[in-house]
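Inspection log for the structure reproduced underneath, given as C-alpha cells.
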C-alpha cells in the first residue's frame, strides 16, 4: 500500500468499463489535483486507459505521466481472478471502488448468475481487502455502490436513514447482503467501508442496459438523438401512471463528485451499526421527464408523442413501483458533506445536451 503522506494513492475500480466507472479516474484526478494516482481498472473486458482530460476542454488538466494505469479484463465470479487484482504491477490498493454488477432486470432473469456477480464476487473482494489489513495493519478504504432497489414492500412517503430494507428483487437482495457485510467488516476493523446507495443516474449514454431503470435515460437520450424509444410505463402520454410513477434520480456529474467525497469521509462519522448512506437525488415523475423533454425538442409535446412509444411492461412497472422515490438525505448532506443536484430535471437534460455538444467537438 502507498503511504498517504507521499500523496500517492493506489485505487482499484471494478466495473471500470461502465459509464460511471470509466469517468471516475478522471473525476478523482480533477477533484484531488495534489494526489498522484495508481489506477487498477478492471471489467469483463479490458477498460480503456483514461486520458485525464478536462470534461470542459480538450486540454489535459493533469499530465497522464503523473498517474499510472493498469487495465485488465477479469471474471470476478472466479476467486483467483479477484485475487489477481491485488497482485498487479501497481501493488495493493489503498482504496477500492466496487462498481461492478448485473443490474436489476438481468438479475431477475438469471438469479444464480446475479448472485455470483453481485454478491459472491463482492464477498471475495472484501476478503482480499481484509488480508491487506492483516498484512499491513492499515484497513483499505472500501466504497461499495448499492441501490434503492434494497427497499420494497409498504414504505413511508419519505424514506429515512432508519427505514428498514425489504427488497422485492434479486438485485436488491444481493446489494443488501453486501451492505451488511461492508458494515460488519468495518465494525471488526477488517476494512474502512462505506456503502453508498445510488439514485437512478440520468442521463446515461449508449444503448439501454439490463437495468430496469435504463428506460429513464432512454426516453431523454434517444429523442434528443433523433431516435424513437419505448417507454415501459403507461400506455400513452395521458396515462395517469406517468404522474404516479416517481423516480429518485441524480446527474452523472453530481454522482461522480459524491463518489470522490465518499472515500474522504472519516470513519468516525458513521454509526457503529451501519456504514450505509443514501446519496442525494431528487424525485421526478415519468410525466415530468417527458414534459421537460418537450420543452427542448423542436415540435414540443407532439414530437414527444412521435418519438416515445408506450409499451407498458408489467414486470418493469412492478419493479419500479417497489422502489421508493423520495428520501430524507439531510444527514448525508449536512453531516457527511455529500452534494445534491440543484437544477432539477431540466438541469439534468441540459447537462446531457452540453456533454453531447462537447463530444461533437
Checklist outcome for this item: Using alpha-carbon positions, the gyration tensor of segment 306-353 gives root eigenvalues a ≥ b ≥ c; with a/c under 1.5 called rounded, otherwise prolate if a/b exceeds b/c, else oblate, the class is oblate
Item to check | Tensor-based shape of segment 200-257 (alpha-carbon gyration tensor, a/c under 1.5 rounded, otherwise prolate or oblate) | outcome: oblate
Checklist entry - Using the per-residue mean of other Cβ atoms lying within 10 Å as a proxy for protection, in what order, highest first, do the peptides 229-242, 190-203 fall? => result 190-203, 229-242
Next on the checklist: What distance in nm separates the two pseudo spin-label positions at residue 354 and residue 8, each 7 Å out from Cα along the beta-carbon direction?
Outcome noted: 3.6 nm
Item to check | Relative contact order, percent, segment 115-195 [alpha-carbon distance under 8 Å, six or more residues apart] | outcome: 40 percent
Item to check | Coordinate range along principal axes, alpha carbons of segment 214-361, Å, largest first | outcome: 53, 41, 19
Checklist entry - Helix 286-296 versus the longest principal axis of the chain: what angle, 0 to 90°, nearest 10, using Cα atoms? => result 80 degrees
Item to check | Fraction in percent of alpha-carbon pairs per bin - 10 Å, segment 115-177 | outcome: 20, 38, 27, 13, 2
Checklist outcome for this item: Rounded to the angstrom and largest first, Cα extents along the principal axes for segment 102-146 equal 42, 17, 7
Checklist outcome for this item: A convex hull over the alpha carbons of segment 72-115 yields, per residue, a volume in Å³ of 83 Å³
Next on the checklist: Suppose we keep just the alpha-carbon trace of segment 258-335; what are its Rg and Dmax in angstrom?
Outcome noted: 18.7, 54
Item to check | Relative contact order of the chain, defined on C-alpha pairs under 8 angstrom at six or more residues apart (%) | outcome: 16 percent
Checklist outcome for this item: antiparallel share of DSSP beta bridges within the chain, to nearest 5, in %, is 15 percent
Checklist entry - How are the Cα pair distances of segment 268-309 distributed, in percent, across 10 Å bins from 0? => result 23, 30, 15, 15, 15, 3
Item to check | Residue-averaged 222 nm ellipticity for the chain, from DSSP H runs of 4+ at -39500 (n - 2.57), nearest 500 | outcome: -11000 deg cm²/dmol
Checklist entry - In segment 74-173, how does Rg compare with the Kirkwood Rh, expressed as the Rg/Rh ratio over alpha carbon atoms? => result 1.05
Next on the checklist: How long are the semi-axes of the equivalent ellipsoid of the chain, defined as square roots of 5 times the Cα gyration tensor eigenvalues? Whole Å, largest first.
Outcome noted: 33, 24, 19
Checklist entry - Measuring from centroid to centroid over Cα atoms, what is the spacing of segment 293-359 and segment 21-46 in Å? => result 26 Å
Next on the checklist: Taking only Cα atoms of segment 123-223, what ratio of Rg to Rh do you get with Rh as the Kirkwood inverse-distance radius?
Outcome noted: 1.07
Item to check | segment 239-298 shape via C-alpha gyration tensor axes, a/c threshold 1.5 | outcome: oblate
Item to check | Against the rule of thumb 2.2 N^0.38 Å, how large the Cα Rg of segment 145-287 comes out | outcome: 1.17
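Any read-out appearing in this document is the output of simple, stated calculations on the displayed coordinates, not a laboratory observation. Just so you know, these numbers come straight off a predicted model, no measurement behind them. We place every Cβ from the backbone using ideal geometry, glycine too, and count neighbours over all the protein chains shown.
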